[in-house]
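Novice: Sharing a structure with you now.
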Amino acid sequence: MVVGDASCAFVCSVVTAMRSASSSSVLDWPQRNGQSSRLLLDADLLAVTTLQTKAQDASPTTIASTDYFLEPDNFAPPYDRIEIDISSSAAFESGATAQRSISVAGRWGYSEDTISAGTVASGLSASPATATSMVCSDGSLIDVGDTLLIESEQLFVSERSNAQVGTQLLNGALTAAKSGVSVTVDLGTQFKALEMIQVESERMFIESISGQVLTVIRAYDGSTLASHADDTAVHVFRTLTVQRGVNGTTAAVHDNSTAVSKYVPPLDIRRLCIAEALAGYQQERSSYGRSIGQGDGAVEFTGRALDAQRKYVVEHYQRMRIATI
């Protein structure tokens, strides 16, 4: 079953929301449930760039990174509080009023885990760093909704399109048959398993590669099965439309072959997002009735398993605020 575009967009947006972001948070001081040396945070903190006290004053005081601790140290990041090192001379102070007296600039979010996502093939090496299109080395590793890390810059992928891989052509005609899954090309090493290719208007999914032969699923992604003549151009989906310098990072020039990483949410978060999207898709198809499917294949939709997964994720990731007086 192919999930509809709206459901895919839902998965992308929710998963992306789990990734880290660089920004500032301003908090009151003193806090009602805090200590003189302890600042309780209202969001998950991954790292601090700048910590200032008396933030509303004309000349706020910057607290050196050597004068505070990010806690809890044993189970973080993410962190839920900042504590002054009481052996130092630093202190949290109120400004003209207690409101918005502490400024915390840094990276916020539950996780900033990444995995390797190939390299930059082209598009980001020209100066100035204003390009909004890049070509990646492996289209199976990156999709719409991903946040990428290239050197110190974060980029958001908003669209993906196809382009011909060099001068790659079909090395033999294809008939309009679902069983015609062997696609011979000029050079198989130019493609990657699990990528999607396009020949004329038909899209195909590469399951495996052996020499110059790609084993594919025909008429993929809702496209129409068709015949194709020998020497027809083969396109692959590696051209990315990107938003540069997101989450407080700075756009920069990146040479070809520079490593690309992709931010990934925890697996149980991803599973919940996919489950929510699939359930929503099926409910839309059934007009939000009590059953999904048709005829003998109809089943009653209860959502109990989805509710259990949702409850587990909320309990596991919710903020456990411990106040001290």
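Novice: List the strands (runs of 3 or more DSSP E) that sit entirely inside segment 207-325 and contain at least 1 residues that are touching a Pro at 6+ places or on another chain (Cβ under 8 Å) and loosely packed, with under 15 Cβ neighbours inside 10 Å.
Specialist: Numbers: elements: 213-217, 233-243, 259-263.
Strands (runs of 3 or more DSSP E) meeting the threshold: none at all.
Novice: Looking at ARG81, is it part of a strand (DSSP E or B) and either acidic (Asp, Glu) or closer than 30 Å to ALA259 by Cα (or both)? I'd like the intermediate steps shown before the answer.
Specialist: Details: part of a strand (DSSP E or B): yes; either acidic (Asp, Glu) or closer than 30 Å to ALA259 by Cα (or both): no.
Spelling it out, it is not the case that ARG81 is part of a strand (DSSP E or B) and either acidic (Asp, Glu) or closer than 30 Å to ALA259 by Cα (or both).
Novice: Every residue in segment 251-277 that is closer than 30 Å to GLN309 by Cβ, more than 15 Å from the chain's Cα centre (by Cα) and not hydrophobic (A, V, I, L, M, F, W, C), please.
Specialist: The one that is closer than 30 Å to GLN309 by Cβ, more than 15 Å from the chain's Cα centre (by Cα) and not hydrophobic (A, V, I, L, M, F, W, C): GLU276.
Novice: Output the residue which, of all residues in segment 186-206 that are aliphatic (A, V, I, L, M) and surrounded by fewer than 19 Cβ atoms within 10 Å (Cβ to Cβ), is nearest to THR167 (Cα to Cα). Steps first, please.
Specialist: Step one: of segment 186-206, the residues aliphatic (A, V, I, L, M) are 187, 193-194, 196-197, 199, 204, 206.
Those still in the list that are surrounded by fewer than 19 Cβ atoms within 10 Å (Cβ to Cβ) too: 187, 193-194.
Values: LEU187: 10, ALA193: 19, LEU194: 21 Å.
The extreme case among them is LEU187.
Novice: Being of a type in the set (S, T, N, Q), modelled with pLDDT of 80 or more and more than 30 Å from PRO72 (Cα to Cα) is the filter here, so list the residues in segment 277-325 that pass it.
Specialist: Applying the first criterion (of a type in the set (S, T, N, Q)) to segment 277-325 yields 282-283, 286-287, 291, 294, 302, 309, 318, 324.
From what's left, modelled with pLDDT of 80 or more: 282-283, 309.
Listed by number, the residues that qualify are GLN282, GLN283.
Novice: Pairs, please: C-beta under 8 Å, at least 6 apart or cross-chain, first residue among the acidic types (Asp, Glu) and in segment 107-126, second outside any loop (DSSP other than H, G, I, E, B)?
Specialist: GLU112/LEU46; GLU112/TYR263; ASP113/TYR263
Novice: Name the one entry in LEU27, LEU51 that is hydrophobic (A, V, I, L, M, F, W, C), modelled with pLDDT of 90 or more and surrounded by 14 or more Cβ atoms within 10 Å (Cβ to Cβ). If you could, list the steps in order and put the result at the bottom.
Specialist: On the way: LEU27 fails: modelled with pLDDT of 90 or more.
From the options LEU27, LEU51, the qualifying one is LEU51.
Novice: Residues to consider are SER87, SER103; find the one that is outside the structural domain of LEU187 (by TED's automatic domain parsing) and over 29 Å from the mean Cα position of the chain (by Cα). Don't jump to the end; show me each part of the working.
Specialist: Details: SER103 fails: over 29 Å from the mean Cα position of the chain (by Cα).
The match here is SER87.
Novice: Right, here's the next one. List every residue pair whose Cβ atoms sit under 8 Å apart, with the two residues 6 or more apart in sequence or on different chains, where the first one lies in segment 296-325 and is closer than 30 Å to ASP42 by Cα and the second, anywhere, is of a type outside the set (D, E, K, R) and modelled with pLDDT under 75.
Specialist: ALA323/ASN33; ALA323/GLY34; THR324/ASN33; THR324/GLY34; THR324/GLN35; ILE325/ASN33; ILE325/GLN35
Novice: Same structure again: Which ones in segment 27-68 are assigned to a strand (DSSP E or B), out of contact with any Gly (no Cβ under 9 Å at 6 or more places or on another chain) and under 13 Å from PHE92 (Cα atoms)? Break it down stepwise before answering.
Specialist: Step one: filter segment 27-68 for residues assigned to a strand (DSSP E or B), giving 27, 35, 38-53, 61-62, 68.
Among the residues that remain, those that are also out of contact with any Gly (no Cβ under 9 Å at 6 or more places or on another chain) are: 27, 35, 38-39, 41-42, 52, 61-62, 68.
Correct list: LEU27, GLN35, ARG38, LEU39, GLN52, THR61, THR62, TYR68.
The values are calculated or read from the model by the stated rules, or taken from the named source; none is laboratory data. None of the values given here were measured: they were computed from a predicted structure. Ideal geometry is used to build each Cβ from the backbone, glycine not excepted, and the neighbour counts take in all protein chains shown.
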